[in-house]
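Values in this text are rule-based calculations from the coordinates and carry no lab data. Here the structure is a predicted model, which is why all the values come from computation and not from measurement. Quick reminder, even Gly has a Cβ in these numbers, built from the backbone with ideal geometry, and neighbours come from all protein chains shown.
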Amino acid sequence: MDGTGLPEIRSTCAYCGVGCGVLLRPDGAGGLAVRGDPDHPANHGRLCSKGLALGETIGLDHRLLTPRAFGKDVGWDDALQLVADRFSAAIKAHGPDSVAFYVSGQLLTEDYYVANKLMKGFIGSANIDTNSRLCMASTVAGHKRAFGTDTVPGTYEDLDQADLVVLVGSNLAWCHPVLYQRLMAARQARGTRIVVIDPRRTASCDQADLHLPLAPGSDVAVFNHLLARIHEAGKVDAGFLSHTTGFTDALAAAQKENPAATGLDQKDLDAFCDMWIGTERVVTIFSQGVNQSSSGTDKVNAILNCHLAAGRIGRPGMGPFSVTGQPNAMGGREVGGLANMLACHLDIENESHRAAVQRFWAAPTMPKKPGLKAVDLFREIEKGQIKALWVIHTNPAVTMPEADRVQAAIKACPFTVVSDLTEHTDTARVADVVLPAAGWAEKSGTVTNSDRTISRQRAVLTPPGHARADWDILAEVGRRMGWQEAFDYTSPAQIFREYAALSLVAKPFGRDFDISGYSDLSGDDYAELQPTRWPVTPEGTGGRLFGDGQFFHRDGKARLIPVSHRPPEAKTCDRFPFLLNTGRTRDQWHTMTRTGLSPRLSSHLAEPFIEVNPEDADRLGLDPESLVEVKSTVGACIFRLKTSDVVAPGQVFAPIHWTGETAPSARVDALIPSVTDPVSGQPESKAAAVSLHPMKAGWYGFAVSATPPSPSAEYRATAKTEKGYRTELAGYEMPSDWEETARDWFQLPDALSTSVEDPKRGSFRIALSDGPRVLAVLFVSREPATLMREYLATLPDAEPHQLLSGRSANGVENGGPIVCSCFGVGLNTIVRAIGTQNIGDVDEIGRLLQAGTNCGSCRPELSGLLAKHSVPILQDVEP
Ligand SMILES: Nc1nc2c(c(=O)[nH]1)N[C@H]1C(S)=C(S)[C@@H](COP(=O)(O)OP(=O)(O)OC[C@H]3O[C@@H](n4cnc5c(=O)[nH]c(N)nc54)[C@H](O)[C@@H]3O)O[C@H]1N2
Ligand SMILES: Nc1nc2c(c(=O)[nH]1)N[C@H]1C(S)=C(S)[C@@H](COP(=O)(O)OP(=O)(O)OC[C@H]3O[C@@H](n4cnc5c(=O)[nH]c(N)nc54)[C@H](O)[C@@H]3O)O[C@H]1N2
Ligand code: SF4
Ligand SMILES: [Mo]
C-alpha cells in the first residue's frame, strides 16, 4: 500500500534476463505506476531506463483488439476453429512434420509448456523452435557438451563477491543495466577489476581496467591462449580436474593456437592472462558476442575449459556466467523450448527420456528426432515443405538473418498464424491470421532470469478488447484439435503445477532441473509465489551447482572440449571491404513494438545509424551526418552515418531495432547472411561483409506530425515524440510538387497550408494545420538540414510561421538528443555544462542537471562526454 490506498502488485519487468522485480500500481484509468521492488533479489529496487518507462508502453493506440483472418475481423470461435482445422488438415495430408511453431524466449513458462506439449506430445513433431536459437543456442550447446546439462552455475551474488569480472561479447551497461549497476557498486565497495573483450569500445568499457578489442570472432584464440597460460603458470587445479575428462586434448589444442589470430597487442593479452590467472575469484560473463557466431559453441567451451581447468566454478565469486537476454530465455530452456530438447533438461533423442515424458503426458506420439532449427525451418517454409506455421511472441521477418527472404517465405507459406499485441509488425503484416495476445501486466505466469530465479509476472490490467493470454489460446487450439483432456487448462497455476510434477519424472535420469517442491502448489500459493532460485525440492531451494564436482554426463564428470579458432565465415574483399557488427542500443528493445511507444526512450537514439571509424569515413568521402548505402551479398540498407572511433577501421556497427514500420530501409538483418554454428545452429548475426557508399540523395527532409506519416521516400525513419511523431527523410529525386506530396504523405488533403520556398537553395518548408492546430510540418532541402530537431519535436502546438523558422521563438536552447531519459536531459545541455561549469565527475553533472541520478543507465555515456568535452566549448554541438 502507499498513500493512495491502492495496493501495489509485485511482478517482473517485461524486458531483459536480469529479471528485475517491479511494483505496479494501476491508476484505474488505464495508467500504471511502476517502481523497482526493493525486496526482489535481482535488483533490490533498482530499475533501468526501460523498466522505468514500462508505464508508457501500455497504451492502446497500436493494439490488436480482435482476431483477424484474411484481413477481416473475426470472432474467437471462428479464428480458433480455423487455426485448428488448417493445422489438422495439413497434418492429415502431409504428416506432423508439415506444420511448425516459431516461438519466443519472451513467452511465460506456462505458455511455453503448453506450446511444447501440443507440438511435441500431441501433434507429434519437434518442429517448434524459438528465437532463443538466435540468442542462447550456442550457450545451451556449450553447456551440454561441458556439463551434461544446460545449466548456468553462476548467481548474481557472485558479481558482488568477485575480484575480477570479464565481460566477453557483452555490453552489460546497455543490455543488462541493473546488473551493470550492481557490478559498479561492487567495484566501488571492493575494487572489483573489470576487463571487456569486445571488438568495439562500448559503454561497458567506461570503467574497465582493460579493454581487449579483439579481431571479430577470435574469442577461441583468446581463451585457448589463456588455458595454455593457466597450465604454464601451474594454476591447473589437479583436484578439481579429477571431476572432469578431456583436459589433455583441450590443452593440446590450446597450445597449438596462435594468439596472433586475436589481433591484440601481446602485452594486453598477457595483462589479461595475468589478471585472470592471479585472481581466484573471477567471473567470466558472456553474451551475444560469443553466442552469435559460426564458432559460438566452441567459444563457449573455450571459456568453460578455463574455468574447469582452474577449478573456478560453482564457488562464491567465481564461474562462467552466460547472461540471458530475454525475460524468460532461461525458463524456455528449462521447459524444453528448443527443437532439440524436452522439458526439465531431458533430451528428445534419448529413448528413455522420451518415453517418460510421453507417459507423463499420456501423449499419443512423440517425435524421435529433433525438429528444424530456426534457419532451416524458414528454409523449409521457403521450399513449401511447411504447410502451416504459427509464430508466437516474436518478429522473425525483422530479426532472422536474411530478413527479407524470411519475410517472403512467411508470406508464401500456405497458412500462417501470428499471435502478437499488434498487427503492425513486419511478420503480422504478411500473416493470414493474427490473434490478439494479452501483454505484459495483463497476464499471469512465471519467468526464470539469468541466475535461475523463478519470479511471477502478475496481471494487473484487464486485457483490452478480446485479447487473450498465449497459454489460453494455445490450449484452446489443442482442445479443438481433439485433445480435450490434455489441454483442459483453466489457469496458469494448473499448468505450472503439472510442469513441476514433470520435473519429478526427470529426477531418476539424474537431471538437475528440479522444481518438484511446487508440484502440489495451490492456486493461492501460486498467487503468492516469491522469487526463488531452483532447485526447489521438498528438501530445500536454491543452492550452488558444480562446486562439489558433480556434473550431469553419465559418468558424473564435466568435459573439457578441444577447440580451435575459426574466423567468421564472412570474408571481406574488394567488393565488400567492411565487417558489419550488429547489436543493441540502451533504450530500445528489439523491434521496438513496446519501447518505441515511449517518447522518452525514443529520444535517446531516434534514428537508425551505422558507426564508421572516422578514417574510413574520410577515405570514402562520407560527409558527417550524411546517409550511407550499405550492401552485403544478401541485401541492402540505408543508415545515418555516425563517425566514431569506438569501432576500429574496417569494422562498422549498426543496431537491430528498426523495422518496416519505423525505418523500412534500415532492417539490419536484411544484410546478414544465414551462416550458422555447426553445433548449435545459431546464426552468425555479428559478422557480415558489406560495402559502404554515400547515398546520392537529391533531397533531405525532416517532419513533425500528429499522426504517423506514410511517405514514399527511399529513406525514412519515424520515432514517437510527446505529441506525435518525428520523421527523417531522404530521396533520390525531388518530387515536382512538394505541397501535394506533403498532403499525401500526412494524409491531410484539406488542411490549411503555410509554406516558404527558396528554389535557389532547393529548400521548401510547409506547415499543414486545421486552423488553430498545426498537424504536420515538413522541412526539405538539398543538403541535410541543421534544425533544432529536439525542440521541434516538442511541437506542433505553435504558430505555423514560427515553426517554419526551424528555431525556437523565445530563445529556448537546443537541448540536443536525449542522453538521460529519466529527466530528459540532452547532449547539448550536458556538453554546455561541462564546458562552462568546470565539472569534475559524473556525480557533479547529476547535482547540476539531475542527469544520471535516477536509474543510472546513462552514467557510462555521461562519463564518456566528460572525458571528451572537459575543455570549454562555446558553440552548440551537433549530435
Ligand atoms: N537495451 C536493450 N537491452 C537488451 C536487449 C535489447 O534489445 N535492448 N535485448 C536483450 C537480449 S534478447 C539479449 S540476447 C541481450 C544481448 O546483450 P549483449 O550480448 O550484451 O548485446 P549485443 O549488443 O547484442 O552484443 C554484445 C557485444 O558483442 C560484441 N561483439 C561482436 N562480435 C564479437 C566477437 O566476435 N567477440 C566478442 N567478444 N564480442 C563481439 C558487440 O560489439 C557488442 O558490443 O540483451 C538483452 N538486453
Ligand atoms: N543481426 C542481429 N539479429 C538479431 C540479433 C542481433 O544481435 N543481431 N539478436 C537476436 C536475439 S538475441 C533475439 S532475442 C531476437 C529478438 O527478436 P524478436 O523476438 O523477433 O523481437 P521482438 O521485438 O522482441 O519480438 C517480440 C514480438 O512479440 C510481441 N509481443 C509482445 N508481448 C507479447 C505477448 O505477451 N504475447 C505475444 N504473443 N506477443 C507479444 C511484440 O509486439 C513483438 O512483435 O533477435 C535476434 N536477431
Ligand atoms: S535491467 Fe532494465 S530491462 Fe532488464 S529487467 Fe531490469 S529494469 Fe527490466
Ligand atoms: Mo536475445
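Quick notes
- All aspartates and glutamates inside 15 Å of K368 as judged from Cα atoms, apart from same-chain residues fewer than 8 positions distant: D97, D347, E349, E351
- Sequence-distant contacts, meaning Cα pairs under 8 Å at least 6 residues apart, place the relative contact order of the chain at 14 percent.
- With the convex hull of its Cα atoms as the shape, the stretch 503-550 has an orientation-averaged projected area of 3.8 nm².
- When each of Y725, Y113 is scored by the number of other beta-carbon atoms lying within 10 Å, the sequence from fewest to most is Y725, Y113.
- Residue-by-residue Karplus 3J(HN,Hα) for the stretch 291-304, coefficients 6.51, -1.76, 1.60, Hz, glycine and proline x: 5, 7, 8, 5, 10, x, 5, 5, 4, 4, 5, 4, 5, 4
- Working from Cα pairs under 8 Å separated by at least six residues, relative contact order for the stretch 262-347 is 24 percent.
- For the stretch 102-168, relative contact order (Cα pairs under 8 Å, six or more residues apart, normalised by length) works out to 24 percent.
- Residues C205, C13, sorted so that the one with the fewest Cβ neighbours within 10 Å comes first: C205, C13
- Over the stretch 94-210: Rg over Rh, Cα atoms, Kirkwood Rh: 1.12
- Normalised by residue number, the volume inside the convex hull of the Cα atoms of the stretch 207-314 is 111 Å³ per residue.
- Net charge of neighbours whose Cβ lies under 15 Å from the Cβ of T741, counting Lys and Arg as +1 and Asp and Glu as -1: -4
- Charge tally around Q181: other residues with Cβ under 10 Å, Lys/Arg +1 each, Asp/Glu -1 each, net +3.
- From phi via Karplus (6.51, -1.76, 1.60), per-residue ³J(HN,Hα) for the stretch 326-338 in Hz, x at Gly/Pro: 8, x, 10, 4, 5, x, x, 5, 5, 8, x, x, 7
- Radius of gyration (Cα atoms) of the stretch 42-88, expressed as a multiple of 2.2 N^0.38 Å: 1.92.
- Extended-chain gain in nm, criterion 0.36 nm per residue less alpha-carbon gap, D249 and A527: 95.0 nm
- Residue-count net charge about R86 - beta-carbon cut-off 9 Å; Lys, Arg +1, Asp, Glu -1: -1
- Annotation: amide H of T245 within the under-5 Å range of A558, R559, L560, sequence separation 5 or more or interchain, hydrogens built in the peptide plane.
- A Förster distance of 51 Å, applied to the separation of the beta-carbon atoms of D209 and S755, puts the FRET efficiency at 0.35.
- Shown for F487, F70: other C-beta atoms within 10 Å of each C-beta, ranked fewest to most, produce the order F70, F487.
- Descending by average beta-carbon neighbour count within 10 Å, the peptides 488-496, 348-356 line up as 488-496, 348-356, the highest first.
- Partner lysines for K723 [C-alpha distance under 25 Å; skip if fewer than 8 residues away on the same chain]: K50
- Amide H partners (placed H, <5 Å) of T537, local residues excluded: G517
- Here is the size of the stretch 578-694 from its Cα atoms: Rg then Dmax, 14.2, 43 Å.
- Calculated P(r) tail over 48 Å for the chain, as whole % of Cα pairs: 19
- The stretch 818-869: Cα Rg divided by the 2.2 N^0.38 Å rule of thumb: 0.94
- Just so you know, the Rg over Rh for the stretch 386-515 is 1.02, from Cα atoms, with Rh as the Kirkwood radius.
- Phi angles across the stretch 378-385 convert, under the Karplus curve 6.51 cos²θ - 1.76 cosθ + 1.60 with θ = phi - 60°, into 3J(HN,Hα) values of 5, 5, 5, 5, 4, 7, x, 7 Hz, Gly and Pro given as x.
- P(r) tail, the stretch 9-57: Cα-Cα pairs separated by more than 12 Å, 55% of all pairs.
- Filter on K686/K868; K571/K631; K443/K720; K117/K411; K72/K411; K369/K507 - keep pairs with C-alpha separation over 19 Å: K686/K868; K443/K720; K117/K411; K369/K507
- Amide hydrogen neighbours beyond the local backbone of G36, cut-off 5 Å, H modeled: L23
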